[in-house]
Each structure stands twice: as C-alpha cells, then as structure tokens.
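Asks: Could you have a look at this structure, given as structure tokens, before my questions?
Only the coordinates and a few stated rules stand behind these numbers; no lab work does. Just so it is clear, the structure is predicted and the values come from calculations on it, not from any experiment. Please note: Cβ atoms are built from the backbone with ideal geometry, for glycine as well, and neighbour counts cover all protein chains shown.
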Amino acid sequence: MDAVPVHRVVEGPEDGPVVVFAGSLGSDLRMWEPQVVPLLERGFRVVRYDTRGHGASPVPPGPYDLEDLGADFLALLDDLDIAKAHLVGLSLGGMAGMWLGVHAPDRIASLVLCCTSAKFGPPEMWAERARTVRAEGTAAVAGPGVGRWLTPAYLGRHPDRAAFLRSMISEVPAEGYASCCGAIERMDLLDVLPKITAPTLVIAGADDPATPPEEHSRPIADGIPGARLEIVADAAHLGNYEQPEEFTRLILEHLEAL
Ligand SMILES: O=C(O)CC1=CCC(=O)O1
C-alpha cells in the first residue's frame, strides 16, 4: 500500500470546512465542476483530485485495491495539512469513501456517497472490461460509459456535453482504468458498513443503469448506522453532472446540518 501524490485542485478559504471530492471510474476532477462555485459561495474549502491512474495523477503499476485509493486520499490530506475532511464520492470515489469511513474514521468528518456500490458484481464483468481497455484503450469504453453516465433524454439535449465526457473517458490511461476495474472486482464492503460512524448521506440517480438505487444504494443506506437515502429523478450514473442543482442542494443540506 504505497500512496502516490495525486493531482489536485484546491480552492476556497484556508479556514473553511474542507470538502474533498472523489470521482468515478473514467473521470477526472472536471466531473465536479458543477459543484465548485456553489460550495465556494457557502465558504467551503473545495479539494478535487484525480484518482490514481486517471487524469494527471500518477499511474503506478497495478493491481490496485481500495486500500491503495484510501492511502492516496490520506496522503493528500497529510500533504495539505488537513486533519479531517468531508468526503463526497461518486461511484469509485464513494467506494474509496466507504473504505475510509471504516479504516480511517478519525479523518472523515462526514460522507456523501453518490451513485455507488458496496459490492459490484459480477466479477467477470470487471475482468472483461479491464481486458478490453488493455487491448483497445479507454476510447473503446467511452461511448458505452457515457451511455451509463447520462440518461438518453439528457444525451439528446446536450450532445456537446456528451462529447466532452466521452473525451474525458478516452483520455484516461488504459492501465489506470483497468487497474481500477480490478479494485472494483475485488471489493466487498457490505459486511463492514455497520462500522462506519461518519454522518452519511447516500444519493442515487433514479435512472442509473450502472448502480440502480434499490440494488446498490439502498443496501448502503441500510448498512451504515443513521444513513439517509435520497433518490434524484431524471439522473443516471453521473447524477451530479446531469442534475447539478439537486445534487448540490442535497450535498449542502447535509454539510450545513452537521
Ligand atoms: O462505468 C461504469 O460502469 C460505472 C462505474 C462503476 C464504477 C465507477 O466509478 O463507475
């Protein structure tokens, strides 16, 4: 478990409560652009970073596991001299968030777990996706990926944004993407969810074909003591991007109630 120094962007007042955003498989920190200004306007210090193997972060040799992603997050906090942060994670970012909630509770002020899963089978699906990406590159999974990230209606209305997100996935290094597939393939957090003590909000997209709410989000909310589930209408997997106002409203409501 050797942490790598992840690429990050830090904005907002030095003395503001810190919110760290952790992104999904195939993304980089630009996926959180819709949330940045509203949080800055409310006085938060906003930290976004590229997951290892993604964006401008290092691509260490695989395999990766959630504990590696968790170690990168903790090294990021150490580097920025942050004792404790709120973590907003979507999909893979939420998986790292749950791992941290279990293994580093003293560093996590609260969790917002968006469109994520505690156990995401079948394992063969992830092994097959990793093989495809290693053989053909991330461009081969970009079209289907955006098809899971956004609803057909949104895709029809915003072809420019769909093209932007397709290029975001295509720019992810193949080895980084494939190694993160391995981390998801081996993940099983269901039994340890009751150990999480951080105040937790779970947000799901009602039309998410990757992590449908009843199959993936409900078990997380049921497993974490005191967690609350919100299901957002007209949102697929990248719900924070497709329904930014509602996702941001829920995130702020959660943070400001603490
Ligand atoms: O690409 C997908 O299938 C959705 C997804 C799984 C983990 C993640 O971060 O995104």
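Asks: Counting only residues that are of a type in the set (A, V, I, L, M, F, W, C) and buried (at least 20 other Cβ atoms within 10 Å of the Cβ), give me the helices (runs of 4 or more DSSP H) lying completely in region 134-201 with at least 2 of them.
Replies: 139-149, 159-170, 174-186
Asks: Looking at (1) touching a helix residue (DSSP H, G or I) at 6+ places or on another chain (Cβ under 6 Å); (2) farther than 24 Å from PRO212 by Cα; (3) without any contact (Cβ under 8 Å) to a residue 40 or more places away in the chain, which is the only condition ASP50 fails?
Replies: Of the numbered conditions (1) touching a helix residue (DSSP H, G or I) at 6+ places or on another chain (Cβ under 6 Å); (2) farther than 24 Å from PRO212 by Cα; (3) without any contact (Cβ under 8 Å) to a residue 40 or more places away in the chain, the odd one out for ASP50 is (3).
Asks: Also, I was wondering about something else. Which residues, taken from region 187-219, are among the acidic types (Asp, Glu) and away from the ligand (no atom under 16 Å from the Cβ)?
Replies: ASP191, GLU214, listed by residue number.
Asks: Now for a different question. Taking strands (runs of 3 or more DSSP E) that fall entirely within region 8-60, which contain at least 1 residues that are within 14 Å of the ligand (Cβ to nearest atom) and under 29 Å from ILE184 (Cβ atoms)?
Replies: Those strands (runs of 3 or more DSSP E) span 18-22.
Asks: Could you give me the residue pairs with C-beta distances under 7 Å whose first residue belongs to region 1-27 and is free of Cβ contacts under 8 Å to residues at least 40 places away in the same chain and surrounded by fewer than 16 Cβ atoms within 10 Å (Cβ to Cβ), whose second residue is of a type in the set (Gly, Ala, Ser) and not in a strand (DSSP E or B) wherever it lies, and which are 6+ apart or on separate chains?
Replies: Every condition considered, the pairs that remain are PRO13/GLY43; GLY16/GLY43.
Asks: Now, a different point. Step by step: first the residues of region 76-96, then only those that are assigned to a loop (DSSP other than H, G, I, E, B), more than 13 Å from ILE108 (Cα to Cα) and not hydrophobic (A, V, I, L, M, F, W, C), then the one that is farthest from the ligand (Cβ to nearest atom). Which residue is that? Walk me through it before giving the result.
Replies: Taking region 76-96 and keeping what is assigned to a loop (DSSP other than H, G, I, E, B), we get 80-84, 91.
Subset that is more than 13 Å from ILE108 (Cα to Cα): 80-81, 91.
Cutting the leftovers down to not hydrophobic (A, V, I, L, M, F, W, C) gives us 81, 91.
Values: ASP81: 28, SER91: 3 Å.
This residue is ASP81.
Asks: Given the conditions (1) farther than 19 Å from PRO244 by Cα; (2) out of contact with any strand residue (DSSP E or B) (no Cβ under 7 Å at 6 or more places or on another chain); (3) surrounded by fewer than 15 Cβ atoms within 10 Å (Cβ to Cβ), and given that VAL37 satisfies all but one, which numbered condition is not satisfied?
Replies: The number of the failed condition is (1).
Asks: Considering region 97-114 alone, what residues qualify as being assigned to a helix (DSSP H, G or I) and either over 23 Å from ARG30 (Cα atoms) or not aliphatic (A, V, I, L, M) (or both)? Reasoning before the result, please.
Replies: At the first step, the residues of region 97-114 found to be assigned to a helix (DSSP H, G or I) are 97-103, 105-107.
Of everything in region 97-114, those that are assigned to a helix (DSSP H, G or I) and either over 23 Å from ARG30 (Cα atoms) or not aliphatic (A, V, I, L, M) (or both) turn out to be GLY97, TRP99, GLY101, VAL102, HIS103, PRO105, ASP106, ARG107.
Asks: Sticking with this structure for a sec: Residues of region 203-252 being assigned to a helix (DSSP H, G or I), farther than 22 Å from PRO122 by Cβ and touching a residue at least 40 places away in the same chain (Cβ under 8 Å), which ones?
Replies: Matches in region 203-252: GLY239, ASN240, TYR241, GLU242, PRO244, PHE247, THR248, LEU250, ILE251, LEU252.
Asks: I need a count of the residues in region 123-155 that are of a type in the set (A, V, I, L, M, F, W, C), within 10 Å of the ligand (Cβ to nearest atom) and within 10 Å of CYS181 (Cα to Cα).
Replies: Selection size over region 123-155: 2.
Asks: If ALA109 passes every condition in (1) within 19 Å of THR248 (Cα to Cα); (2) aliphatic (A, V, I, L, M); (3) under 8 Å from the mean Cα position of the chain (by Cα); (4) more than 9 Å from the ligand (Cβ to nearest atom) but one, which one does it miss?
Replies: Status for ALA109: all satisfied but (3).
Asks: Criterion first (assigned to a loop (DSSP other than H, G, I, E, B), of a type in the set (S, T, N, Q) and in contact with a helix residue (DSSP H, G or I) (Cβ under 9 Å, 6 or more places away or on another chain)) does SER117 satisfy it?
Replies: Working: assigned to a loop (DSSP other than H, G, I, E, B): yes; of a type in the set (S, T, N, Q): yes; in contact with a helix residue (DSSP H, G or I) (Cβ under 9 Å, 6 or more places away or on another chain): yes.
In short, yes.
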